[in-house]
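Participant: Encoded as C-alpha cells, here's the structure I'll be asking about.
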Amino acid sequence: QVQLVESGGGLVQAGGSLRLSCAASGSIFSINAMGWYRQAPGQERERVARINSGGTTHYAGFAKGRFTISRDNAKNTVYLQMNSLKPEDTGAYYCKLETNRGYYWGQGTQVTVSS
C-alpha cells in the first residue's frame, strides 16, 4: 500500500509564495515520476508540473517561470515552490506518484490566493 501525504497549502495574498510538499511511503518499488496537479471548482484537474526519475522536469505554461518542482529521492518527497501567485492559481493541489505498478494520488491540499 502506498500513501501520499501533502502539506503546505494555505491562504496567501496575490504575489506571495507557498511551498507544497508531498511525501510518499509504503510499498514503493520503483518511482518513475512525481508530479503536481490542480483542480479549481467546476474545472477539470490539470497538470502543473512533473519530474521524472532522471530529474527532467515539465511545466504547464501557466507555471513556467513562477513554479519550481524538485525532488528528494532519499525521502521520496516532491516539492512545488510557487512564487508570484495569482488568484487564478486558487484550487486543490494534488500530488501524483507514478510507479511501475501504477499511479497514486494524494488527498490534496487547498491553495487560496486572495486579490
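The values are calculated or read from the model by the stated rules, or taken from the named source; none is laboratory data. Predicted model, so just to flag it, every value in this text is computed and none were measured. Cβ atoms come from the backbone with ideal geometry, glycine included; neighbour counts cover every protein chain shown.
Participant: Checking PHE29 against (1) under 16 Å from CYS95 (Cβ atoms); (2) exposed (fewer than 11 other Cβ atoms within 10 Å of the Cβ); (3) of a type outside the set (Lys, Arg), which single condition isn't satisfied?
Facilitator: All conditions are met except number (1).
Participant: If PRO87 passes every condition in (1) touching a helix residue (DSSP H, G or I) at 6+ places or on another chain (Cβ under 9 Å); (2) within 19 Å of VAL113 (Cα to Cα) but one, which one does it miss?
Facilitator: (1)
Participant: Out of segment 68-115, which residues are among the small types (Gly, Ala, Ser), closer than 18 Å to VAL2 by Cα and at pLDDT 95 or above?
Facilitator: GLY106, GLY108
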